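Participant: Take a look at the following structure, please.
The values are calculated or read from the model by the stated rules, or taken from the named source; none is laboratory data. If you're wondering where the values come from, they're calculated on a predicted model, not measured in any experiment. Because the Cβ atoms are built from the backbone with ideal geometry, glycine has one as well, and the counts that use them run over all protein chains shown.
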Amino acid sequence: MNKLHLIAAALAGAALSACGRAPAEAPPLAGATMGGAFSLVDQRGVRRTERSFEGQYRLVYFGFTFCPDVCPVDLQVITQGMRALEKSDPATAARVTPIFITVDPARDTPAELAKYAANFHPRLVALTGTEAEIATVAKRYGVAFAKQPAGPDGAYSVDHSRMAVLYDPAGAPIAIIPHDEGPAALAAALQKWMAA
Ligand code: NI
């Protein structure tokens, strides 16, 4: 937990308050300049770009595997929400790829990401890259992060925006999906925006 987490959580809350209306409403992020090209490596060591996910909705969350509290909690909700949707509406669930992008590429090697992703969901794609590649993708996807000074033991934390964003099958942003209201709310939000 840190300041950026809190700010992003507040933003997500604000965006959410607009979400209780008729299903015909425009996606909150329609036209936003978020997303786009990237070239990263997944937890199997395979290079993936935005084109690897063409035709798939993408639920994108940035974090890092050493994150002690917030990232695991959020990923838990995201993946339990995916599982809930797989039960209630498997066809819709199959059209979403959950994607975790590290903001700590120095420690989050593909091997590290493979161990981590296995704790969450079989279809979770975990991506890393060079410092430059990560900086570029974070900027494009509207995510702020800042490595904190290391402690006496050399361990460090990384402050980062805390949000899960749904992108459409062409890669355009749709909405911030709530990750702080439990799996059922997350599943409902996915279903809502994917039906729109
Ligand atoms: Ni975190």
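Participant: Between His160, His179, His121, which is touching a residue at least 24 places away in the same chain (Cβ under 8 Å) and touching a Cys at 6+ places or on another chain (Cβ under 9 Å)?
Facilitator: Just one listed residue meets the conditions, His160.
Participant: Could you give every pair whose Cβ atoms fall below 8 Å, whose first residue belongs to segment 64-78 and is modelled with pLDDT of 95 or more and near the ligand (Cβ under 9 Å from one of its atoms), and whose second residue is part of a helix (DSSP H, G or I) and not hydroxyl-bearing (Ser, Thr, Tyr), counting only separations of at least 6 or pairs across chains?
Facilitator: Phe64/Cys71
Participant: Going by what's in this entry, would Ala135 be described as more than 30 Å from Gln191 (Cβ to Cβ), away from the ligand (no atom under 15 Å from the Cβ), part of a loop (DSSP other than H, G, I, E, B) and not hydroxyl-bearing (Ser, Thr, Tyr)?
Facilitator: no
Participant: Considering each residue of segment 35-60, count those that are part of a loop (DSSP other than H, G, I, E, B) and either farther than 23 Å from Ala93 by Cα or within 16 Å of the chain's Cα centre (by Cα) (or both), and give that number.
Facilitator: Final tally of qualifying residues: 8.
Participant: Anything in segment 149-176 that is within 16 Å of the ligand (Cβ to nearest atom) and either outside any strand (DSSP E or B) or more than 17 Å from the chain's Cα centre (by Cα) (or both)? List them, or say none.
Facilitator: Those that are within 16 Å of the ligand (Cβ to nearest atom) and either outside any strand (DSSP E or B) or more than 17 Å from the chain's Cα centre (by Cα) (or both): Ala155, Tyr156, Ser157, Ser161, Arg162, Met163.
A quick yes/no check of all residues on (1) touching a Leu at 6+ places or on another chain (Cβ under 6 Å); (2) touching a residue at least 24 places away in the same chain (Cβ under 8 Å); (3) closer than 26 Å to Val46 by Cβ:
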position	(1), (2), (3)
Lys87	no, no, no
Arg95	no, yes, yes
Gly129	yes, yes, yes
Lys147	no, yes, no
Pro183	no, yes, no
Ala189	no, yes, no
Lys192	no, yes, no
